[in-house]
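Enquirer: Sharing a structure here in structure tokens format.
Every read-out reported here was derived from the displayed coordinates using simple, explicitly stated rules and does not represent laboratory data. Bear in mind that the values here come from a model prediction, so they are computed numbers and not experimental data. Positions of Cβ are generated from backbone atoms using ideal geometry, with glycine treated the same way; all protein chains shown enter the neighbour counts.
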Amino acid sequence: MKLTHINLALSNRCNAKCIWCPTSRGTNHNFDMPKEMAFKIIDEASQFDYDLEGMHFSENGEAIYNKDFIEILSYAKQKLPNTKLNMLSNFGLMTRKLSEDICKTQAIYEFQLNIDGHDADSYRAVKKISYNTVIKNLKYFLRMREKYHPDMRFVINVMPAFEYSITVNALFRDAPHQVQNDEVPYSNFEEVKASLKHITEPYGIHVRHSQSGFWAERKTFLKNKEKLNLDQSKMDCPMFTRVQHEAYIAPNGAWYPCCLDDNNDIVLGNVKFQTVQEIFESQRRLEFIKKLKNRQYEEIGYPCNTVACCQSKKIPDSYYNEMTKDFTVGKTVKF
């Protein structure tokens with residue numbers, strides 16, 4: 001078994017408040033990773049006797065909050081020339097200078113963002129930030145990509161508020177935790193995709209329909225657990241392979257199991273005091289993996305004892321179309 005990917009939370013702060021992101025994220029410690037710590041991790045990875053497959057810079061937060069982001073990105077490109085460097089952003093904070101600097105480094109292999117609504121209202125229903133600002137920033141970034149780094153892969157993910165809400169409601173018999181008593185404007189993937197054609201077609205951008213992930217619904221699940229009749233002892237951890245082969249490192253150096261442990265409730269080591277390889281090979285981590293494989297979720301504790309919320313689901317198209325046949329774009333729905 002070898003470490004294939006390192007996921008860095010360069011910041012656990014975020015300017016958006018997505019309805020499918022946990023409100024607890026970053027509340028244990030809310031800050032940015034010091035560049036010295038990022039350099040240490042990168043230096044250690046560069047000494048592996050094999051090439052690290054990937055490094056992700058936007059784990060559980062908006063990486064560009066980190067004032068040293070460009071310096072860290074450039075350092076990773078220099079020290080890990082054969083590693084695919086990836087990131088995502090919501091583009092609410094993507095200034096023109098940042099767009100230029102990121103593209104000029106020619107470091108990013110793939111860049112992702114979510115646009116989850118076809119207009120300002122349906123977008124704000126998910127993220128609570130300005131749609132117009134995001135679209136303006138995206139257009140400028142893509143011009144800089146075309147100019148400086150046209151080989152950078154770029155993906156737009158879509159999960160409208162309505163689709164997420166109706167999926168949560170179907171599975172957990174309740175409104176999403178962050179949609180209680182709110183009206184959600186109806187939008188769908190096809191509407192969002194069509195609204196972005198003037199951007200995606202000229203630049204050859206792929207638009208991907210996401211599945212609903214439920215990591216923000218742990219409270220909803222626990223509230224309704226008795227009536228849901230979901231047997232978690234029969235559920236595999238959907239992140240198991242990634243837990244085995246990847247590192248997730250918080251701004252304070254804590255190595256946590258995976259991205260779905262949003263507030264780093266489980267800590268397997270700390271790169272401030274240990275090497276990456278020491279933690280990867282540690283008995284503590286290996287015992288955790290064994291328990292995860294054996295579905296000992298209650299023994300592990302939170303958040304693994306809500307493994308039902310670690311799943312991602314999509315309502316089959318035939319059912320979804322029947323459920324939504326009477327809805328029109330712009331109509332608001334209360335769950």
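Yes or no, residue by residue, for (1) over 22 Å from residue 211 (Cα atoms); (2) of a type in the set (S, T, N, Q); (3) surrounded by 13 or more Cβ atoms within 10 Å (Cβ to Cβ); (4) in contact with a strand residue (DSSP E or B) (Cβ under 8 Å, 6 or more places away or on another chain):
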| residue | (1), (2), (3), (4) |
| --- | --- |
| 261 | no, no, yes, yes |
| 264 | yes, yes, yes, yes |
| 283 | yes, yes, no, no |
| 300 | yes, no, yes, no |
| 315 | no, no, yes, no |
| 319 | no, no, no, no |
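Enquirer: Of the conditions (1) part of a loop (DSSP other than H, G, I, E, B); (2) farther than 20 Å from residue 20 by Cβ; (3) within 21 Å of the chain's Cα centre (by Cα); (4) not basic (Lys, Arg), residue 305 clears all except one; give me its number.
Expert: For residue 305, the exception is condition (1).
Enquirer: Within the set of pairs 6 or more residues apart or between chains, which connect a residue that is within 11 Å of residue 140 (Cα to Cα) inside the range 86-99 to a residue that is of a type in the set (Ser, Thr, Tyr) with Cβ atoms less than 7 Å apart?
Expert: 96/140; 99/140
Enquirer: If we keep just the residues of the range 184-232 that are free of Cβ contacts under 8 Å to residues at least 40 places away in the same chain and of a type in the set (Lys, Arg), which is surrounded by the fewest Cβ atoms within 10 Å (Cβ to Cβ)?
Expert: Per the stated criteria, the residue is 197.
Enquirer: Please go through the range 288-297 and give me each residue that is surrounded by 13 or more Cβ atoms within 10 Å (Cβ to Cβ) and not in a loop (DSSP other than H, G, I, E, B), ordered by number.
Expert: 288, 289, 291, 292, 293, 297
Enquirer: When you check residue 320 against the structure, is it of a type in the set (Phe, Trp, Tyr), part of a loop (DSSP other than H, G, I, E, B) and either out of contact with any Lys or Arg (no Cβ under 7 Å at 6 or more places or on another chain) or in contact (Cβ under 8 Å) with a residue 40 or more places away in the chain (or both), yes or no?
Expert: no
Enquirer: Only one of 6, 41 is among the β-branched types (Val, Ile, Thr), in contact with a strand residue (DSSP E or B) (Cβ under 6 Å, 6 or more places away or on another chain) and surrounded by 17 or more Cβ atoms within 10 Å (Cβ to Cβ). Can you tell me which?
Expert: Exactly one of 6, 41 is among the β-branched types (Val, Ile, Thr), in contact with a strand residue (DSSP E or B) (Cβ under 6 Å, 6 or more places away or on another chain) and surrounded by 17 or more Cβ atoms within 10 Å (Cβ to Cβ), namely 6.
Enquirer: Right, next: For the range 259-272, check the following and say yes or no: at least one residue is in contact with a His (Cβ under 6 Å, 6 or more places away or on another chain) and in contact (Cβ under 8 Å) with a residue 40 or more places away in the chain.
Expert: no
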